[in-house]
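Step one of this worksheet: look at the structure below.
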Amino acid sequence: MPAAVSTTAGSTTPEIPVSRTVKLVRVAVLLISGIAIAFSAPLHEQLAFDRGMAALTIGAIGIAHLVEWWSRRPAGGDPLPLLLGIASCALAVGLAFTGSAIAFAMVVAGWAVVSAILEFLGTTVRPGSRQDAIFLGATGMLLALLVVLVRNDQVAVLGFLGAYAVLAGVFLGISAFDTRQERASRDAIAGDR
């Protein structure tokens, strides 16, 4: 008499991949923000400009995360993009209330740490759901560290935010066109049927 064998490996529902278009929304936001910061260098001596530019960058990143969350809702959703979006939008609004270069730097560093922790948390809670989370988490931690080190120099803080945006945008752009993840997800979905 054959024994019934139960396996739990195939019983989990595979992660539905995010469309390339949705991935490219965040790439576009990051690259446009990084380029805008780079080409507005003569205005970086004004704290109000720096706050506004950082708020636009962080807020737009938050909106890109919310777009990703919205696109995943029909498939059961993933709370990580929602949390990243809410945190980014809240800290972007918080930048409006900073009156000094140090407060400006601490809000940017706080955003970087919160984003990095959420990215790292996403890799432990749902492994494989966000293929770039470790890189983005490490880059966010590096941004936070650099911003804290130059907290009195608002130009450097904005410059590091711009460098983060370009670096993350290029990496995510390359990743958006990586077909290995899409094939693995399709194979996993087909294997469940």
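The values are calculated or read from the model by the stated rules, or taken from the named source; none is laboratory data. These numbers were taken from a predicted model, which means no experiment stands behind them. When the accessible area is computed, the model is the full protein with side chains, heavy atoms only, and any ligands, DNA or RNA have been set aside. Shrake-Rupley method; radii C 1.70, N 1.55, O 1.52, S 1.80 Å.
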Test of understanding: what is the full-extension gain from V166 to A28, defined as 0.36 nm times their sequence separation minus their Cα-Cα distance?
48.7 nm
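For V93 and I35, compute 0.36 nm times the residue count separating them, minus their Cα-Cα distance, and round to one decimal in nm. Don't skip to the end; give the middle numbers.
Values: separation 58, 0.36 × 58 = 20.88 nm, distance 2.19 nm.
In short, 18.7 nm is gained.
Just the number please: accessible area per residue for the stretch 44-116, 1.4 Å probe, all protein chains included, in Å².
On the way: 3030 Å² over 73 residues.
Dividing the accessible area of the stretch 44-116 by its residue count gives 42 Å².
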